[in-house]
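Input: a single structure, listed below in structure tokens.
Each value in this text was obtained by applying a stated rule to the coordinates, not by laboratory testing. Keep in mind the model is a prediction, meaning the values are calculated, not measured. Heads up, the Cβs are rebuilt from the backbone with ideal geometry, glycines too, and the neighbour counts pull from every protein chain shown.
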Amino acid sequence: MSAETEDQDLHDLLASWAGADLSPERISELQQRLVSDPVFRATVTREIAFLGQLRAVHAPNPRWNELESIWGAPNEWASDFESQTMGKILAFRRVRRVLAWAATLLVFVAGAIWYFLNAPQQKEILNELAVLNYVDRDAPSDSGNAVFQRLGAGPFKVSEGMLQMRMLSGVTLTVTGPAELDLRSAMEVVVTAGKVVADVPPFAQGFTLRSGSWNLVDRGTVFAVDASEPLKPEVHVLEGKVETHRGSGVAGPVLTSGQALQLGDSRNAKPMPARPERFPDLAEVSRRVAQDRENRFRRWQRAADALAQDASLLIYYDFNTVDRGSNTLINRAPKPQNGSNGILVGGDWIEGRWPEKRAVRFQHPGDLVRALAQETLTDFSFLTWVRLDAEKIERPMSILLSPKVGSGQVYWLVWPYRSANPALGMHLTITADSLRDVAYPETATFSSPTLGRWVQLGAVQNWGSGRVQLFSNGVKVADLPIRESTQVRLEELVLGSWGYTKETKNFVGAMDELAIFRRAVSESEVAAFYANGRP
Amino acid sequence: MTTEEQEQTIRRILQGEVELYAALVREYSLPIRGYLSARLHQREEVEDLAQEVFLAAYRSLDKYRPGESFLAWLFGISQNKILQHLRSAHRRDSAMERFHQFVWDQVGQGVRDMTRETPGWQMERLSHCLERLPARLSRVVRALLREEKVENLCTEFGVSRGAIYTLHWRAVRQLRQCMGGEA
């Protein structure tokens, strides 16, 4: 039989293995061949084994609900394959200890009730009303305000400078401090102090700014409120039309372009000409927004190019040097030796810290990046930029890990704490000899407003000083003694998920930069990494 | 995991440190799932059965004899689980399923041995090779791995079902070449 015919038989058989139908005659021919031709049988064996491996390696997306119902495990953190298996085993043992189990269950139920009644949860994103679009860096406003920060309902202060926020309704508010606002909804904002310019698109007509005892209802316009003198707020219509209403519901004058009104707290409002020069020019603000982002991106590019010269880098993925359409993260380390490019197995490319830059979004357990490192290190440093997008985080999420078994494996995770508020920290865990884990935890790395924002994280082990240090946004947040002198064996690396199995410890969010050093970087280097990469 | 580490781990599990079983699950889940995936094509089935394999192994851990290959033992359990599963699932109703069982009867043992002998790192390289496939082949092979409907691919590419399976065949050929080149 010719090789060509042999290939056709193999082709048809494997096509059927992949789902294709075969005629009864063809099935009969293939069966005959399988029995009579040992070489063909061996080839089929090899191919089917290969297809199985391919399926297994291609990380699957789990079906959580079905797994939860199969296991019925009460442990919220243990719905992954491995942990579920462990949960079942532990349940199996408990069958032999019914009384103890019942007591445990009672305690658990009581604890669960207490938890659901009392534990803090990160639900701020659900209440999100606006995202900060621009923060004037020359005259920074409140120290906590930063671009991409998501704002929920409630008071919002700007101590000085200017910022711009985009409401979910589509309205853009440009705020000049000192200002005090109360975000009531995406369609209603109270201005207690400061200057606010509202740019209202047609679909958001009806957007209302309240100041003093007045409601200012947009009817398609750009208008501004100046509450620098809280007892005498003014409304200026820069474009379009605005309805005014007193708090009692009585309609006031309708203002059009070029008109303004000093509202005061009396019934008599005082007309005046609009003074657009007292407010930021929106076109100028737009230009500054674009320029600001461009500048920050260029600054980061220069810093990344400089960092890529560091000979101690094992891996440096800037998430920018990528071949569009490819799933490869280029390793920019100058002497990577064993550090490989990263392969995007799951996940997808999204906009990174800047519009010009890319990041990888992880949403599902199968969203991950694989790489090879194959080095054993005493000192090491991990630096990265990540963004958490989960609405509520109640389980660990893996940033980076080496999934082999044995000593020296690393697990770097975002870790929720039940007892702390803010309740998100990070864990660096290194497996010691005999499969014991040495964990270096840090609480309160992430406060709730950090969700949805880019955060710089770092982990450094320094044998010389005997310390493990953890960093968040360039600041050291933990400085812990090395508890066991364990070398780190970086073999395979997985970013964003947990090895081969259907884990729930997957990262929900995005990653935008990762540097792995063969040395312990200094605190100032971490601070520079943050400063140069801050969006 | 070295043989010594493995046996030490099992000893400690039997002495009560059951949490260490997670390490064994982690170490061997890929080859076991690879073997199960060779016969069962639905991910859900594979994952469920893999869990059952590790549960069964745990419950019989005291029967494991040091010095023997733990992985081989797991493969033995897996083989039985596949048989039980296929019997209980009334798989032999269709001609294609009967054909698949016939094929498996011929090659299953060999697939088991071959998967057991394939190092984990080599399986991992498949991810890298998958990445190197041309876009069209990559699309086909990933779609079939995700159990997408072949009809959708036919519409997308404007070709017949047979042509899709031919593309899949070519993709697997290239993957094998890639693996051979890197091994």
Estimated vicinal HN-Hα couplings, Hz - region B:140-147 in sequence order (Karplus 6.51, -1.76, 1.60; Gly, Pro = x): 5, 5, 5, 4, 5, 5, 8, 6
3J(HN,Hα) from dihedral phi, region A:27-44, Karplus parametrisation 6.51/-1.76/1.60, rounded to Hz, x for glycine, proline: 4, 4, 4, 5, 4, 4, 5, 4, 6, 8, 10, x, 5, 4, 4, 5, 5, 4
Dimensionless Rg ratio for region B:17-140, taking C-alpha atoms and the 2.2 N^0.38 Å reference: 1.17
Ranked list, fewest to most other Cβ atoms within 10 Å of each Cβ, for B:LEU14, A:LEU372, A:LEU168: B:LEU14, A:LEU168, A:LEU372
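Dividing the alpha-carbon Rg of region A:310-378 by 2.2 N^0.38 Å yields what? Intermediate values should be presented prior to the final figure.
On the way: Rg = 12.8 Å, N = 69, 2.2 N^0.38 = 11.0 Å.
That ratio works out to 1.16.
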Unmatched cysteines, chain B - criterion: no other Cβ of a Cys under 4.7 angstrom: B:CYS154
Net charge, A:THR256 excluded, C-beta distance under 14 Å - Lys, Arg +1, Asp, Glu -1: -1
Cβ-based exposure ranking for B:GLU45, B:GLU156, in which fewest neighbours within 10 Å come first: B:GLU156, B:GLU45
Rounded to whole Hz, the Karplus (6.51, -1.76, 1.60) HN-Hα couplings of region A:515-522, x for glycine and proline: 10, 10, 9, 8, 8, 8, 6, 7
Which of B:ASP62, A:ASP182, A:ASP367 has the fewest Cβ neighbours within 10 Å, and the rest in rising order: B:ASP62, A:ASP182, A:ASP367
Ellipticity estimate at 222 nm from DSSP helix runs (n ≥ 4, -39,500 (n - 2.57)) divided over chain B, nearest 500: -26000 deg cm²/dmol
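Do the alpha carbons of any pairs in A:LYS404/B:LYS63; A:LYS357/A:LYS476; A:LYS157/A:LYS195 sit beyond 19 Å of each other, and which pairs? Can you show the working numbers first?
On the way: A:LYS404/B:LYS63 26 Å; A:LYS357/A:LYS476 27 Å; A:LYS157/A:LYS195 12 Å.
Exceeds cut-off: A:LYS404/B:LYS63; A:LYS357/A:LYS476.
Quote the charge dipole size of region A:449-491 about the Cα centre in Debye, to the nearest 20; the model charges only the Cβ of Lys and Arg (+1) and of Asp and Glu (-1). Provide the component values of the computation, followed by the final result.
On the way: 5 positive and 3 negative charges, 21 e Å.
Computed charge dipole of region A:449-491: roughly 100 debye.
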Paired Rg and Dmax values of region A:196-288, which use every Cα atom, in angstrom: 12.4, 40
Theoretical FRET efficiency, 1/(1+(r/R0)^6), r = Cβ-Cβ of A:THR256 and A:ARG302, R0 45 Å, to 0.05: 0.40
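When the expected Rg is taken as 2.2 N^0.38 Å, what fraction or multiple of it is the alpha-carbon Rg of region A:273-431?
Details: Rg = 19.9 Å, N = 159, 2.2 N^0.38 = 15.1 Å.
Here the Cα radius of gyration is 1.32 times the empirical estimate.
Between A:GLN32 and A:ASN338, what is the FRET efficiency for a Förster distance of 45 Å, r being their Cβ-Cβ separation, to the nearest 0.05? Each step should come with its number before you reach the end.
On the way: r = 50 Å, r/R0 = 1.10.
In this case the efficiency is close to 0.35.
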